[in-house]
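The values are calculated or read from the model by the stated rules, or taken from the named source; none is laboratory data. These figures come from a predicted structure and were not determined experimentally. Please note: Cβ atoms are built from the backbone with ideal geometry, for glycine as well, and neighbour counts cover all protein chains shown. Ligands, DNA and RNA are excluded from the accessible area calculation, which covers all protein heavy atoms including side chains. Shrake-Rupley method; radii C 1.70, N 1.55, O 1.52, S 1.80 Å.
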Amino acid sequence: LVPIATFLVGAAWLWRRLDETRTALRHSQQDFDDLIHVPFEVPFLCDSAGRMSEIGARWSEWTGHDLSRPYTGRWSDHLHPDDQGTAIAAWANALSSGQDYDQEYRVRFKDGRYRWIRARAFPNRAADGTIRSWTGILHDD
């Protein structure tokens with residue numbers, strides 16, 4: 001009888017912990033959803049080589065790019081021609097050095113106007129120190 005009671009107490013404790021974890025996960029997901037829908041911010045993720053893997057929905061609102069289609073172009077295609085060289089060189093330097101990326105450049109919005117954007121990206125490192133991905137944010141003042 002004691003082993004069964006111990007099992008039931010343990011199972012009840014595990015069930016409560018699972019419920020608490022699910023609640024915390026729901027709250028965390030809601031916080032994340034709130035963050036990625038901030039009107040003047042566009043979060044993005046890149047793989048270790050700097051290739052875009054995810055970008056916030058606001059990017060489509062800014063540039064008109066259809067996010068339901070795979071992104072086959074270069075992010076720099078949306079930049080003002082005078083800013084492309086500097087932005088690309090700074091990104092290449094960040095990728096090779098592993099240092100943070102922090103640049104301001106003009107992005108062409110879907111109405112054809114250019115607006116100044118601040119782009120920041122930070123390396124996400126594995127336990128051995130290698131870069132596994134990059135997390136970034138585009139900020140429109």
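Under the combined filter of DSSP loop state and at most 16 neighbouring Cβ atoms within 10 Å, segment 85-129 retains these chymotrypsin sites (Phe, Trp or Tyr not before Pro): Phe109.
Rounded to the nearest percent, how much of the accessible area of the chain (1.4 Å probe, protein heavy atoms only) is carbon and sulfur? Show your work: numbers first, answer last.
On the way: 5360 of 9520 Å².
Carbon and sulfur atoms account for 56 percent of the accessible area of the chain.
When the chain is treated as a GNM with alpha-carbon contacts under 10 Å, the residue of Gly50, Gly129, Gly98 showing the greatest mean-square fluctuation is Gly129. Matching the structure-derived Kirkwood radius over Cα pairs in Å against the labelled list (1) 18.8; (2) 17.8; (3) 15.9 gives the label (2).
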